[in-house]
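Here, each number is a calculation from the coordinates, and none is a lab measurement. Keep in mind that this is a model prediction, so the values were computed, not measured. Because the Cβ atoms are built from the backbone with ideal geometry, glycine has one as well, and the counts that use them run over all protein chains shown.
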Amino acid sequence: MRAAVLHTIGDEKFDIRDDVTVIGPAAGEVHIRVRAAGVCHSDLSARDGGLPQPVPAVLGHEAAGDVLAVGAGVDDLAPGDRVAVNWLPACGTCSFCRRGEQHLCMTHVVTGYVMPRFMAGDLPVFGMAGCGAFAEEMVLPRAGVVPVGADVPYEVAALVGCGVMTGVGAVINTAAVRPGETVVIIGCGGVGIAAVQGARLSGAAVIVAVDTVAAKLEVARRFGATHAVTPDELSDLSVELTGGEGFDYAFDVVAVPSTLRTAWAAARRGGTVVVVGAGRADQQVEFSPFELLFEGKRIVPSLYGSGDPQRDFGRLLSLWRAGRLDIEGMVSRRLRLDQLGDALATLGAGDVIRQVIIHGDGS
């Protein structure tokens, strides 16, 4: 099969090979044919070293496709079933899973850092987060796939598997925004636009989208933002809308030191800053003990939208079927595998929300 192999961290060129094979499926695993794979900022971070990634590797973690085969012990899936990929599958037995915090389970992801998922000729190749969606096929643990209806287009299922789950989940699961509350969302890429939609679904009275790219502000308004401004305009808008008190919730989808400080400043006293973006492990942001105490604000993480994919993917698709969650409209470009480098270079530019790599006909 074909796959895009990254040999060196920071390399902007991928080795598009046609001699790649999957390893497995072993017991408890599922072999799928990938039909659509979203291009996420996390893929760019993994390529450039912002997120840890052993190499050589096949990147990509936001995907959907069809079951080709199952390993021993998998009796609830069959070849031909349509599935969305859950890149953060829960093991079901660790302390986090037992507490009901499945989104904090790292069992399968950590395994992906030490266990190759592919062979490129005689070369073992890792899959990002144990996945590797920039290949025509993947092998995943059973918990790493969620069945979806045959009526769900592959690209819709793919986006639910990461960007939509992360953005909508941050609002609905992590923050539990209530009708009438005020929200500011920093970063209007795919996850940010999903968060805007989550705020709309939650009944937020004020939804402020913030981005440095003017075209993205227009997009955010289309998806439900009541206001859309650049970072330099946010303070004046806060005075206008809240009397300078600040917003109930500030979601940082970018998660670099400057945006985290912006989110902190934008949240009201007693408000909540929700960290949605992954950022970089080598960056630091400073807060004084005094401001942490006297501002009374909470800083909470939202890994994968605090989601339970086995439960939440179906809920998100029900909202999509009802016309209340626009997922097709988030797809800005459809590309082929050999255009992956161009797709990563385009991230953050213009009005691009989500780009999707189509394997085969993608229908």
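Things to note:
- For segment 111-155, filtering for residues that are touching a helix residue (DSSP H, G or I) at 6+ places or on another chain (Cβ under 9 Å) and charged (D, E, K, R) leaves 4.
- Any hit, segment 222-240, residues being among the charged types (D, E, K, R) and under 26 Å from H61 (Cβ atoms): no
- With a requirement of 2 or more residues that are of a type in the set (V, I, T) and either touching a Phe, Trp or Tyr at 6+ places or on another chain (Cβ under 9 Å) or buried (at least 17 other Cβ atoms within 10 Å of the Cβ) (or both), the helices (runs of 4 or more DSSP H) lying completely within segment 199-314 that satisfy it span 257-266.
- If only residues of segment 138-163 that are more than 19 Å from L59 (Cα to Cα) and under 16 Å from the mean Cα position of the chain (by Cα) are counted, the one that is surrounded by the fewest Cβ atoms within 10 Å (Cβ to Cβ) is V146.
- Hey, D326 part of a loop (DSSP other than H, G, I, E, B), closer than 20 Å to R200 by Cα, out of contact with any His (no Cβ under 9 Å at 6 or more places or on another chain) and of a type in the set (D, E) or not: yes
- Members of segment 8-30 found to be surrounded by fewer than 18 Cβ atoms within 10 Å (Cβ to Cβ) and in a strand (DSSP E or B), listed by number: D15, I16, T21
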